[in-house]
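Here's the structure we're looking at; comments come further down.
The values are calculated or read from the model by the stated rules, or taken from the named source; none is laboratory data. Note that the structure is predicted; figures quoted are calculated from it, not measured. Cβ coordinates were reconstructed from backbone atoms using ideal geometry, including for glycine residues, and neighbour counts include every protein chain displayed. Heads up: the accessible areas ignore ligands, DNA and RNA and are worked out on the full protein's heavy atoms, side chains in. Shrake-Rupley method; radii C 1.70, N 1.55, O 1.52, S 1.80 Å.
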Amino acid sequence: MGTPLGAPIGTGLAELIGRADARGLAAAGLACLDRCLPLLASADRATEVLRPVWAAVARGDGAAWGTALAKVRAELGDGDAGGTAGTAGAAGAGALVRGMLAGAPADWAEGPLRAWAGECSGAALAVHEHYDAKPGIGLLRAGELRRQQAVLESTAHGPTGLRRARELSAEGGRVLRAVVARRARTA
């Protein structure tokens, strides 16, 4: 499975993506986007803007999914000054996040959702690796990999697993925001 937006994903993660249904795939991609969205928008705005997309995933509503994604794209555009990215490297990480949003398929179908989930996985891992203190598999990237696997495992249990997926996304977003803020203070 290719991940043109970012770093290659692990075999176990690729297997989980390969077995996921449409709802799990949408949740996996959305969770990656959700955790990385603080690079484009403030924490409050990021949470609020994705709420209708999460609701569409919970209902398995393809029409609402496409409509909600279009609204998010219109609202966030090319990012905003409210984000926390501030360096040239951070701009590249922000571009990966914008790519995740732009690549989200409007169609609720397993094929496009599977490709998007794989691309989002790789992009999110690359974003976390960019901010990691240690190159390669540092603590930040390793934590992101664990969250991605936990999201896919949770969503395999159907709609009830979405609450856990959202909790993991919120936790991951807080971690990334803290790391980015700390790096900005020391730069």
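Using alpha-carbon pairs under 8 Å, 6+ residues apart, how would you state the relative contact order of the chain in percent?
So the answer I get is 36 percent.
Near ASP61: Cβ cut-off under 15 Å, other residues only, Lys/Arg at +1 and Asp/Glu at -1. The net charge is +2.
At 0.36 nm per residue, minus the direct Cα-Cα distance, what do THR186 and HIS157 gain on full extension? Give it in nm, one decimal, please. Numbers along the way, then the final one.
Details: separation 29, 0.36 × 29 = 10.44 nm, distance 4.23 nm.
Result for the pair: 6.2 nm of gain on full extension.
The distance between label points at GLU48 and ALA178 comes to 2.5 nm (points 7 Å beyond Cα on the Cα→Cβ vector).
Solvent-accessible area per residue in the chain equals 44 Å², computed with a 1.4 angstrom probe and all protein chains kept. A cysteine counts as unpartnered when no other cysteine's C-beta lies under 4.7 Å of its own; in the chain this applies to CYS36.
For the chain, the Cα-based Rg and Dmax, in that order, read 14.9, 45 Å. In order along region 122-131, the phi-based Karplus estimate (6.51 cos²θ - 1.76 cosθ + 1.60, θ = phi - 60°) of 3J(HN,Hα) comes to x, 5, 5, 5, 5, 4, 5, 5, 4, 8 Hz; Gly and Pro are listed as x.
In degrees, nearest 10, range 0 to 90: what is the angle between the Cα axis of helix 22-36 and the longest Cα principal axis of the chain? In the chain, helix 22-36 runs at an angle near 10 degrees to the longest axis.
Once the convex hull of all Cα atoms in region 141-187 is built, its volume per residue stands at 46 Å³.
Based on DSSP H runs of at least 4 residues, each adding -39500 (n - 2.57), what is the mean residue ellipticity at 222 nm of the chain after dividing by all its residues, to the nearest 500 deg cm²/dmol? All intermediate terms of the calculation are to be shown ahead of the outcome.
Values: 8 runs with 136 residues, N = 187.
Calculated from helices alone, the mean residue ellipticity at 222 nm is -24500 deg cm²/dmol.
Rounded to the nearest 20 debye, the dipole magnitude of the chain is 480 debye, with +1 charges on Lys and Arg beta carbons, -1 on Asp and Glu beta carbons, and the Cα centre as origin.
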